[in-house]
1. Arrange the following residues from fewest to most other Cβ atoms within 10 Å of their Cβ: ILE21, ILE352.
2. Go ahead and collect, in residue order, the members of region 266-309 whose backbone nitrogen is under 11 Å from a label point 7 Å along the Cα-Cβ direction of ASN240.
3. How do ARG384, ARG368 line up, fewest other C-beta atoms within 10 Å first?
4. Between GLN345 and THR200, how high is the FRET efficiency from 1/(1 + (r/R0)^6) when r is the Cβ-Cβ distance and R₀ = 30 Å? Nearest 0.05.
5. Which order do the peptides 251-257, 326-332, 228-234 come out in when sorted by mean C-beta neighbours inside 10 angstrom, highest first?
6. So between GLU286 and LYS128, what do we pick up on full extension, going 0.36 nm a residue minus the alpha carbon distance?
7. Just going by the charge dipole of region 177-334, with Lys and Arg at +1 and Asp and Glu at -1 on Cβ, which of ALA294, ILE215, THR315 is farthest out on the positive end?
8. Near ILE215, within a Cβ-to-Cβ distance under 13 Å, what is the net charge of the other residues, with Lys and Arg +1 and Asp and Glu -1?
Amino acid sequence: MIQIGTTTLDLNDPVTLALLIGGALALLIVILLIAALRGVSRTARASEPLIYQMDQLGRAVEGLGRGQEQLTGGLTSVSNAQSTGQAQVLQAMETRLAAVQQQMSDRLHENAMKTARAMTDMQEHVNKQLMGGSEKTTKSLTELQARLATIDKAQENITKLSGDVLSLQDILSNKQTRGAFGEIQLNDIVSKALPKDSYTLQATLSNGKRADCMIHLPNPPGPIVIDAKFPLEAYEALRNAATEAEARAAGQQFRASVKAHIKAISEKYVIEGETADGALMFLPSEAVYAELHANFPDVVREGFNARVWIVSPTTCMATLNTMRAILKDARMREQAGAIRNMLRQLHRDVEIVVERVQKLDTHFDQARRDVEGIGIAAERAGKRAAKLDNFDFEELAPEDTLEQDAGAAVARLTAARD
C-alpha cells in the first residue's frame, strides 16, 4: 500500500500496477528525450539515428499505450470475472452448505429415531429380563423355602434318629434288653421268610428249655432251633483295645464268649429224636459276624464240630429261604396222594363228558334225520297241493299216509328233545 496525499495506491490491484508501469515507462521516455536533446548539440550526424530512434520509441510508446489499454481492459475483465466467479462460488457454497445442512439434519433425525427405537427395545428387553429375573428369584425363593422345609424335616429326623441311637445304646448296654433286641430282629426276619404255620416262637422243648424260634422242617432233618446271641461287650472290648496286650485279652474274652454260646446251644437245643441234629446261632450284627469269620476261624470250626451253625441277618435270610423251599417240597409230597385222587376224579369227569357228548351227537343225528323226513313230507305235501290246484285227482294218495308221515316226524323230534 502507498499513500500519496489523500490517494491510496494498492500494489496488489492489477490496474494500479499497470498505471505505475506506464508511468515508469513514460518517465524513462522523458529521460531518454532529455538525453537525446543534449546529444543534438554534440553531433549533427547523430541526430538522424536519434530521430529515428525517437520515432521508433514513439511508436513503441504508442504500442505500449495500446497494450496498456488492452491490459487495463483485460484486468477489468479479469476483475469482473473474478467478482462473478466469487459470487457463483459463494452461491454454490451456500447451496452446498444448505444441502449439507439438510442432509445433516435428516441424518440427525434418523439417528435420533434409531436411538429412540433402540432405547425402547433396550427398555423392553431390560423389563423382560427384570420380569424373568423376578420370576426366577421367586422360584428360587420357593425352592429354597421347600429345601429349608426339607432340611427342617431332616433335622427333625436326625434329632429323632439321635434319640433312637441313644435308646439303642441304652438297650444294647443292658444284657437282657440286648437279648430281647436280638430276638425281635430274629422274629422279624423269620416272619418275612417263612409262612406262619412253619415256625414257632419261644418254643418249649421236652427238657424244659425255651428256644427263641423253632422251624418245623420235615424228617430228615427234623425241627431245627434258632437262638439269638449277641456278644457285644467282648466285641466292643476288642474294638476299643489300644495296645496289643489289650487286644490279645479282648480276643480271648471274645473267643470264650462265643464258645460258651455255642456250647449252651448244643446242650440245650439239640435233642435226639425231637429236634434236628444241629441248631443255628443268630448274631444280630454283621460286624460281629464278620469279625468272627475273619479273625477267629477256629471258633467257627468248633461251632461246625458241635453242629451249631452261626448266621448273621443276611445269611439267616438265605438259610430261611432254603428252608422255605424244603417246606414247599415236603408239602407237595404230602399233597401228592390228594393230587392223584383229584386227577382220577378229573379223569372220570372227562369220561362222563365224553359219554354225554356221544349221546348228544346221537340225538343230533336222529334230529337231523327227522328234519330230513319232515322236509320230504313237506315236499310231498307241496306236490299234492299243486296237483289239487291243477284238479289232478287220479294220483292222489290216501290222506292217512301223509298224516302218518308227519306224525312220525313230530314224534321223533319230541323224543329227541326229551
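Read-outs throughout are calculated quantities, based only on the coordinates presented, and are distinct from any laboratory measurement. Owing to the predicted nature of the structure, the values given are computational and were not obtained by experimental measurement. So basically every Cβ, Gly included, is an ideal-geometry build from the backbone, and we count neighbours across all protein chains shown.
1. Numbers: ILE21 13, ILE352 10.
Lowest count first: ILE352, ILE21.
2. It comes to no residues whatsoever.
3. On the way: ARG384 16, ARG368 11.
Lowest to highest Cβ neighbour count: ARG368, ARG384.
4. Values: r = 35 Å, r/R0 = 1.18.
Using R0 = 30 Å, I get an efficiency of 0.25.
5. Values: 251-257: 17.1, 326-332: 13.4, 228-234: 20.4.
Ranked by mean Cβ neighbours within 10 Å, highest first: 228-234, 251-257, 326-332.
6. Working: separation 158, 0.36 × 158 = 56.88 nm, distance 6.00 nm.
Taking GLU286 through LYS128 to full extension adds about 50.9 nm, to one decimal.
7. Toward the positive end, the furthest listed residue is ILE215.
8. -1
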